[in-house]
Amino acid sequence: QVSRYTAPKDPIDVDTISDDPEGDEPADRVLGAITAAGKPGEESWYFFKIRARPKAVERHVAAFNEFIESLKFAENGPPSWTVPAGWREVGSQGPDRIATFKMKKSETNVELAVTRFGGPLLDNINRWRVEQAGMPAITEAEIETKCKVLTVDGHKVVIVDVAGLGGKGGGMKGPFQK
């Protein structure tokens, strides 16, 4: 007589996990970090950005935070980092990219792009908010309340996490490309 039986579970096929928004849910989410790339006072920034459907991004928030917390800044040159488990580096994929990482926990392939561009910090934050997520612009005074500001390896890092219906902008664009 069998009193207890545990059936083995089939492995989850991540391609069957939907990331489609439901009802009035946002369709686009930008999760990124911005930190100074040049000398104090220069408007040169390193960007670490994921842009995808909100449910797909949510599955990678913990690993993104782990990645950002791992940043180590060199005196000259780009920062170094520890790659989270499940992320795959696929190279720079273009002249403006320092690195590209791909990860997948659902039907959506998610990508983190590491780039370097110039321009005012606020303009870069609002490019992500308005052109990519379709949300209102913020003011300089709102950076501290609408973004999360961290100190990582002695450097100020601004975390932008915004979801909306999607903006007019396409993929990754530099701050002066229209």
Worksheet item: How large is ³J(HN,Hα) for each residue in the stretch 63-76, as worked out from phi by the Karplus curve 6.51 cos²θ - 1.76 cosθ + 1.60 (θ = phi - 60°), to whole Hz, x for Gly and Pro?
Response: 5, 4, 4, 4, 4, 4, 5, 7, 4, 10, 9, 8, 5, 10
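What's the extension gain from Val90 to Glu58 if we count 0.36 nm per residue and subtract their Cα-Cα distance?
9.4 nm
Mean separation of Cα pairs under 8 Å and 6+ residues apart, divided by the residue count of the stretch 80-158: what relative contact order is that in percent?
Numbers: 76 pairs, mean separation 11.6, N = 79.
Contact order relative to length: 15 percent.
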Discussion item. Skipping prolines and chain starts, which residues have an amide H placed within reach, meaning under 5 Å, of the one on Phe117, given they are 5 or more residues away or on another chain?
Written reply: Trp45, Phe47
Worksheet item: Of the GluC sites (Glu not before Pro) in the stretch 43-124, which ones lie in a loop per DSSP and count no more than 16 other C-beta atoms within 10 Å?
Response: Glu43, Glu75, Glu107
Worksheet item: Tell me, what HN-Hα J-couplings in whole Hz come from the Karplus equation 6.51 cos²θ - 1.76 cosθ + 1.60 at θ = phi - 60° for each residue of the stretch 88-103, using x for Gly and Pro?
Response: 10, 7, 10, x, 8, 6, x, x, 8, 9, 7, 7, 9, 10, 10, 8
Discussion item. At 0.36 nm per residue, and after removing the present C-alpha to C-alpha distance, how many nm does the segment from Glu142 to Leu122 gain when stretched out fully?
Written reply: 6.2 nm
Item to complete: Give me the accessible area per residue for the stretch 42-116, probe 1.4 Å, as a whole number in Å².
Response: 48 Å²
Worksheet entry | Prolate/oblate/rounded label for the stretch 90-143 (Cα gyration tensor, a/c 1.5) | oblate
Discussion item. What is the percent carbon and sulfur in the accessible area of the stretch 39-83, measuring with a 1.4 Å probe over the protein chains and ignoring ligands?
Written reply: 49 percent
Fill in: Potential extension, Glu43-Lys156 segment - 0.36 nm per residue separation minus Cα distance
39.3 nm
Worksheet item: Which whole-number percent gives the relative contact order of the stretch 42-178, counting Cα pairs below 8 Å spaced six or more residues apart?
Response: 24 percent
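Lysine pairs, Cα distance under 13 Å, 8 or more residues apart or cross-chain: how many in the stretch 50-178? It would help to have the intermediate numbers written out before the result.
Working: Lys55/Lys104; Lys55/Lys105; Lys72/Lys156; Lys148/Lys156; Lys168/Lys178.
Pairs that pass both the separation and distance tests number 5.
The values are calculated or read from the model by the stated rules, or taken from the named source; none is laboratory data. Keep in mind it's a predicted model, so treat the numbers as computed, not measured. Neighbour counts are summed over all protein chains in view; Cβ atoms, including those assigned to glycine, are modelled from backbone coordinates with ideal geometry. In case anyone asks, the SASA skips ligands and DNA or RNA and just uses the protein heavy atoms, side chains included. Shrake-Rupley method; radii C 1.70, N 1.55, O 1.52, S 1.80 Å.
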